[in-house]
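Colleague: Please see the structure below; I have some questions.
The values are calculated or read from the model by the stated rules, or taken from the named source; none is laboratory data. Source: prediction; values computed, not measured. Positions of Cβ are backbone-derived with ideal geometry, glycine not excepted, and every protein chain shown enters the neighbour counts.
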Amino acid sequence: MEITLSPLSPSVTKTFYTSLFDLQDGERVRTCLQCGTCSGICPFGYIMKFPPGKIIGAIRAEIFDHVLKTDSVWMCVSCNACASFCPSNIPITRVLMTRTKEEMILAGNVPSELQAALENTQRYGNPLGESPRKRADWTLGLQPEVNILGKTRQPVDVLWYVGDYASYHSRMQPATRALAKILNALGVNFGILGPEEYSDGDSQRLAGERGLFEMMAQKNGQVFRKYKFNQIITTDPHAYNALKNEYPALGVEYPVQHYTQFLFERIEQIKPLLKNEIKAKVAYHDPCYLGRVNGIFDEPRALLSAIPGVELVEMSHQRINSLCCGGGGGGMWLDGFQWEKAHTRLSEWRVREAVAVNTQILAVACPYEPPRFEDATKTIQAASQLKVREIAELLAESMDL
Amino acid sequence: MKIAVPIKFVPDLVEELTIDPSGTALDTTWLRLIINELDDHAVEQAILLKERSGGEVTVLSAEADGVDDFLFTAAAKGADRLIKLTGDFSAADNHALGRAFADVIKELQPDLILTGVQAHNDLDGSVGPLLAEYLGLPYVGYVAGIALDGNKVVARKEYAGGLVAEVEVKLPAVLGIQAAEQPPRYVAYSKIRQVMGTAKIEERPVSNLESSGGVVVGRLFQPEVAERATMLEGSPEDVADKLVGLFKELGTL
């Protein structure tokens with residue numbers, strides 16, 4: 001049986017270059033000025049043999065095969081900083097870096113940690129390799145019981161797409177339970193998919209596994225169509241990004257909000273419920289796929305500022321210039337690989353920044369972050385007193401839930 | 001070089017295992033099956049040999065949930081023929097499975113048969129040696145590395161304590177794979193999809209499964225709490241004295 005290998009073999013560069021033009025705004029790659037902004041803003045650009053600008057340079061020099069012979073593209077955490085600061089508005093992360101990773105995967109050049117996450121996603125519908133049947137186990141003991149749509153079949157106002165790490169990760173589960181309690185306190189009629197929910201697949205897509213992403217989108221789409229609801233909210237900015245920007249092209253289109261947007265719309269209802277004071281300097285970390293990619297900067301800050309006692313401070317990297325936690329674009333599953341190359345983690349840089357502005361609490365709004373930043377506070381001595389809290393956890397604490 | 005790789009699916013330990021009311025088998029209601037990890041290595045080793053020296057790789061499996069996907073994935077990695085034995089394998093032990101594989105493999109006439117050296121549900125011996133016996137072929141187990149040399153192979157057989165033996169075997173032969181020379185590769189999902197549209201799975205009905213020679217399960221049970229352990233406290237000298245006393249009491253000294 002003939003299996004077509006990567007379509008690169010005969011004229012590597014040309015095939016790859018023209019494949020970029022099929023993607024939305026892919027032709028903008030032609031407008032690259034070779035200014036080097038992307039490579040400079042990239043948090044790992046200093047370590048890549050081919051940072052983004054140099055990849056475009058290699059394409060123009062018709063030596064893209066040189067790029068594929070190095071593994072430096074696996075340092076890309078898809079944080080979108082390059083694309084956000086590109087003067088030519090080239091969608092560098094979504095088009096160039098993601099397609100390069102895709103070529104690496106098609107050629108079978110995949111770091112083993114990443115391979116395990118991708119295989120788990122294919123088999124179990126989540127990158128952690130957990131049993132799909134246990135996806136709603138975080139709800140055990142919660143009162144009132146969380147409405148799992150497959151069991152109750154009741155129409156709801158809000159479908160809460162919980163996501164992988166918020167469902168399974170032991171550090172995230174308390175934050176997930178906190179959000180359930182907040183939704184109940186606000187009288188929101190919500191339900192979850194539980195065992196029927198699949199990974200949103202967005203980080204797998206940005207790690208170059210487009211086919212797997214499409215499979216996840218189709219499976220989620222089939223489940224969404226089974227139930228009646230008016231809108232979706234997500235815990236995970238990556239899920240939010242997938243549902244908002246990527247699923248519609250695959251025929252799966254619903255109104256979607258990140259939970260911080262949803263709660264911000266109800267801030268007047270929330271304010272009187274915020275009884276307990278949390279007296280602390282709090283720095284908010286903008287998640288890449290909430291802030292930089294989707295422009296949601298103010299809602300999370302407004303929620304934090306509403307908590308009595310909270311004094312919001314800003315770190316040096318903030319808003320559009322936020323520093324990735326290192327978990328995006330497959331980074332969650334490349335920790336050992338990236339450590340070997342860089343001997344540092346972006347999460348460690350970030351907690352140092354939080355310490356530099358004398359914060360007691362680093363507030364986050366993405367499920368990759370509590371485990372990543374908390375691990376960093378254990379390895380960076382200056383950060384040993386820093387607490388990492390999900391916004392939902394802080395709100396629930398203040399609401400005495 | 002024709003290589004046959006018989007593989008089997010085993011219970012996936014990511015799910016909780018429960019015991020059937022009969023008390024002699026697993027409850028299959030929620031049982032999920034997964035490729036036996038070492039069989040996955042056998043497939044990888046076969047494809048590595050094919051890439052190195054050419055040949056044809058045939059992967060064979062008994063019918064089970066998930067087997068089609070695995071076979072298509074193997075094809076996407078480079079396997080040439082996919083064969084699925086169909087029938088009721090719910091009560092098939094390795095003796096029965098070995099005989100069923102032997103019948104099909106006799107007809108394929110492969111030069112080399114690779115299979116995982118063991119699986120976590122091998123109650124009645126592993127498939128490799130049984131298969132070798134039914135086919136009347138030599139068998140070498142715990143193999144991690146194969147060098148082809150005309151009508152023989154040199155297999156690197158692993159022993160405990162880090163010892164490795166190089167065993168020369170005349171072909172045809174059966175090798176039990178402990179580890180492929182490199183970990184099983186990743187194949188992009190888009191490639192698997194592509195193969196699903198073009199590859200064919202040949203079906204071979206198996207009507208009578210013969211399990212004689214296997215074991216009869218008397219009772220299957222979860223680990224049970226027996227009497228509690230006694231912790232000996234005190235200085236190392238005290239503990240040693242107490243221990244000697246206990247051994248004497250039990251009549252072992």
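Colleague: Here are some residues: B:THR29, B:THR24. Which one is farther than 24 Å from B:LYS200 by Cβ, free of Cβ contacts under 8 Å to residues at least 60 places away in the same chain and hydroxyl-bearing (Ser, Thr, Tyr)? Can you show your working first?
Modeller: Working: B:THR24 fails: free of Cβ contacts under 8 Å to residues at least 60 places away in the same chain.
Only one candidate passes the filter, namely B:THR29.
Colleague: Which one of these does B:LYS152 not meet: (1) charged (D, E, K, R); (2) modelled with pLDDT of 95 or more; (3) out of contact with any Lys or Arg (no Cβ under 6 Å at 6 or more places or on another chain)?
Modeller: Only one criterion is unmet by B:LYS152, namely (3).
Colleague: Let me ask you something else. Given the options A:CYS79, A:CYS38, A:CYS86, name the one that is touching a residue at least 60 places away in the same chain (Cβ under 8 Å) and not charged (D, E, K, R). Reasoning before the result, please.
Modeller: Numbers: A:CYS38 fails: touching a residue at least 60 places away in the same chain (Cβ under 8 Å); A:CYS86 fails: touching a residue at least 60 places away in the same chain (Cβ under 8 Å).
Result: A:CYS79 is the single residue among A:CYS79, A:CYS38, A:CYS86 that is touching a residue at least 60 places away in the same chain (Cβ under 8 Å) and not charged (D, E, K, R).
Colleague: Within segment A:99-113, does at least one residue satisfy the condition of being without any contact (Cβ under 8 Å) to a residue 40 or more places away in the chain, surrounded by 17 or more Cβ atoms within 10 Å (Cβ to Cβ) and on the phi < 0 side of the Ramachandran plot? Full working, then the answer.
Modeller: Residues of segment A:99-113 that are without any contact (Cβ under 8 Å) to a residue 40 or more places away in the chain, as a first pass: A:108, A:110, A:112.
Then drop every residue that is not surrounded by 17 or more Cβ atoms within 10 Å (Cβ to Cβ), which leaves A:110.
With on the phi < 0 side of the Ramachandran plot added as a condition, the list becomes A:110.
Yes.
Colleague: Are any residues in segment A:54-71 without any contact (Cβ under 8 Å) to a residue 60 or more places away in the chain, within 24 Å of A:MET332 (Cα to Cα) and outside any loop (DSSP other than H, G, I, E, B), and if so, which ones?
Modeller: A:ILE55, A:VAL67, A:LYS69
Colleague: Do you know which residues across segment A:51-74 are small (Gly, Ala, Ser), in contact with a Phe, Trp or Tyr (Cβ under 9 Å, 6 or more places away or on another chain) and more than 14 Å from A:ARG99 (Cβ to Cβ)?
Modeller: Taking segment A:51-74 as the starting set, the residues that turn out to be small (Gly, Ala, Ser) are A:53, A:57-58, A:61, A:72.
If we keep only those that are in contact with a Phe, Trp or Tyr (Cβ under 9 Å, 6 or more places away or on another chain) too, we end up with A:57-58, A:72.
Selection gives A:GLY57, A:SER72.
Colleague: Looking only at segment A:113-155, count how many residues are part of a helix (DSSP H, G or I), over 19 Å from B:ILE192 (Cβ atoms) and at the interface with chain B (Cβ under 8 Å from one of its Cβ atoms).
Modeller: Our first condition is that a residue be part of a helix (DSSP H, G or I); within segment A:113-155, this holds for A:113-124, A:132-134, A:137-139, A:149-152.
Within this subset, residues satisfying the condition of being over 19 Å from B:ILE192 (Cβ atoms) are A:113, A:132-134, A:137-139, A:149-152.
Checking which are at the interface with chain B (Cβ under 8 Å from one of its Cβ atoms) leaves us with A:133.
Residues that pass the stated criteria total 1.
Colleague: Give the residues of segment A:91-134 that are within 16 Å of B:GLU15 (Cα to Cα) and aliphatic (A, V, I, L, M), sorted by residue number.
Modeller: Selection gives A:LEU128 alone.
Colleague: Check off (1) more than 30 Å from B:ALA25 (Cα to Cα); (2) touching a residue at least 60 places away in the same chain (Cβ under 8 Å); (3) away from chain A (no Cβ under 14 Å); (4) touching a Pro at 6+ places or on another chain (Cβ under 9 Å) for B:LEU97 and give me the number that stays unchecked.
Modeller: (1)
Colleague: Moving to a separate point now. Could you list, in sequence order, the residues of segment B:1-16 that are of a type outside the set (D, E, K, R), out of contact with any Leu (no Cβ under 6 Å at 6 or more places or on another chain) and farther than 18 Å from B:GLN178 by Cα?
Modeller: Here is the first cut: in segment B:1-16, the ones of a type outside the set (D, E, K, R) are B:1, B:3-7, B:9-11, B:13-14.
Keeping just the survivors that are out of contact with any Leu (no Cβ under 6 Å at 6 or more places or on another chain) gives B:1, B:7, B:10, B:13-14.
Scanning segment B:1-16 gives B:MET1, B:LEU13, B:VAL14.
Colleague: Would you point out the residue of segment B:32-62, among those that are of a type outside the set (A, V, I, L, M) and without any contact (Cβ under 8 Å) to a residue 60 or more places away in the chain, that is surrounded by the fewest Cβ atoms within 10 Å (Cβ to Cβ)? Talk me through it step by step, then tell me what you get.
Modeller: Initially, segment B:32-62 is screened for residues of a type outside the set (A, V, I, L, M), giving B:32, B:36-37, B:39-41, B:44-45, B:50-56, B:58, B:61.
When the remaining residues are screened for being without any contact (Cβ under 8 Å) to a residue 60 or more places away in the chain, the result is B:32, B:50-51, B:54-56, B:58, B:61.
On the way: B:ARG32: 18, B:LYS50: 17, B:GLU51: 11, B:GLY54: 8, B:GLY55: 18, B:GLU56: 16, B:THR58: 22, B:SER61: 26.
Checking each candidate, the answer is B:GLY54.
Colleague: How many residues are part of a loop (DSSP other than H, G, I, E, B) and among the hydrophobic types (A, V, I, L, M, F, W, C) when one looks only at segment A:214-257? Break it down into steps so the answer makes sense when it comes.
Modeller: Residues of segment A:214-257 part of a loop (DSSP other than H, G, I, E, B): A:225-230, A:235-236, A:251-255.
If we keep only those that are among the hydrophobic types (A, V, I, L, M, F, W, C) too, we end up with A:229, A:252.
Here the count works out to 2.
Colleague: Pairs only if they're at least six apart or on different chains, beta carbon under 8 angstrom, first in segment B:76-87 and within 13 Å of B:ILE105 (Cα to Cα) and more than 14 Å from every other protein chain (Cβ to nearest Cβ), second among the hydrophobic types (A, V, I, L, M, F, W, C) and assigned to a loop (DSSP other than H, G, I, E, B); list them, first residue then second.
Modeller: Hits for this filter: B:LEU85/B:VAL206.
Colleague: Taking the options B:ASP103, B:ASP68, name whichever one is closer than 30 Å to B:LYS191 by Cα and away from chain A (no Cβ under 11 Å).
Modeller: On the way: B:ASP103 fails: closer than 30 Å to B:LYS191 by Cα.
None of the others qualify; the one that does is B:ASP68.
Colleague: Of all the residues that make up segment B:114-145, how many are aliphatic (A, V, I, L, M) and within 13 Å of the chain's Cα centre (by Cα)?
Modeller: Applying the first criterion (aliphatic (A, V, I, L, M)) to segment B:114-145 yields B:114, B:117, B:119, B:123, B:127, B:130-132, B:135, B:137, B:140, B:143-144.
When the remaining residues are screened for being within 13 Å of the chain's Cα centre (by Cα), the result is B:114, B:117, B:119, B:123, B:127, B:130-131, B:143.
Residues meeting the conditions: 8.
Colleague: Does any residue of segment A:300-314 turn out to be surrounded by fewer than 24 Cβ atoms within 10 Å (Cβ to Cβ), at negative phi and within 18 Å of the chain's Cα centre (by Cα)?
Modeller: No, segment A:300-314 contains no residue that is surrounded by fewer than 24 Cβ atoms within 10 Å (Cβ to Cβ), at negative phi and within 18 Å of the chain's Cα centre (by Cα).
Colleague: What's the number of the only condition in (1) in contact with a Phe, Trp or Tyr (Cβ under 9 Å, 6 or more places away or on another chain); (2) in a loop (DSSP other than H, G, I, E, B); (3) more than 14 Å from every other protein chain (Cβ to nearest Cβ) that A:ARG30 fails to meet?
Modeller: For A:ARG30, the exception is condition (2).
Colleague: So, one more: Looking at segment A:239-246, can you tell me whether even one residue there is hydroxyl-bearing (Ser, Thr, Tyr), more than 14 Å from every other protein chain (Cβ to nearest Cβ), in contact with an Asp or Glu (Cβ under 9 Å, 6 or more places away or on another chain) and touching a residue at least 24 places away in the same chain (Cβ under 8 Å)? Reasoning before the result, please.
Modeller: Start the filter on segment A:239-246 by keeping residues that are hydroxyl-bearing (Ser, Thr, Tyr), which leaves A:240.
Restricting the remaining residues to those that are more than 14 Å from every other protein chain (Cβ to nearest Cβ) gives A:240.
In the following step, the residues that additionally are in contact with an Asp or Glu (Cβ under 9 Å, 6 or more places away or on another chain) were identified as A:240.
Still in the list and also touching a residue at least 24 places away in the same chain (Cβ under 8 Å): A:240.
Scanning segment A:239-246 turns up at least one residue that is hydroxyl-bearing (Ser, Thr, Tyr), more than 14 Å from every other protein chain (Cβ to nearest Cβ), in contact with an Asp or Glu (Cβ under 9 Å, 6 or more places away or on another chain) and touching a residue at least 24 places away in the same chain (Cβ under 8 Å).
Colleague: Given the options B:LYS157, B:LYS170, name the one that is under 19 Å from the mean Cα position of the chain (by Cα) and away from chain A (no Cβ under 14 Å).
Modeller: Working: B:LYS170 fails: under 19 Å from the mean Cα position of the chain (by Cα).
Answer to the selection: B:LYS157.
Colleague: Select the strands (runs of 3 or more DSSP E) contained entirely in segment B:94-211, then report the ones holding at least 1 residues which are of a type in the set (Ser, Thr, Tyr). It would help to see each step written out before you state the result.
Modeller: On the way: elements: B:112-116, B:139-149, B:152-158, B:164-170, B:173-177, B:201-205.
Filter on segment B:94-211 gives B:112-116, B:139-149.
Colleague: Of the conditions (1) more than 23 Å from A:ALA342 (Cα to Cα); (2) over 17 Å from the mean Cα position of the chain (by Cα), A:SER84 fails just one. Which one is it?
Modeller: (2) is the only condition that A:SER84 fails.
Colleague: Could you run through segment B:184-204 and say how many residues are within 22 Å of the chain's Cα centre (by Cα) and either more than 8 Å from every other protein chain (Cβ to nearest Cβ) or at pLDDT below 95 (or both)?
Modeller: Within segment B:184-204, the first condition is being within 22 Å of the chain's Cα centre (by Cα), and the residues that meet it are B:184-187, B:201-204.
With the extra rule that they be either more than 8 Å from every other protein chain (Cβ to nearest Cβ) or at pLDDT below 95 (or both), the set shrinks to B:184, B:201-204.
Number satisfying all stated conditions: 5.
Colleague: What do you reckon, is B:GLY125 crowded, with 23+ Cβ neighbours inside 10 Å and touching a residue at least 12 places away in the same chain (Cβ under 8 Å)?
Modeller: So B:GLY125 fails the test.
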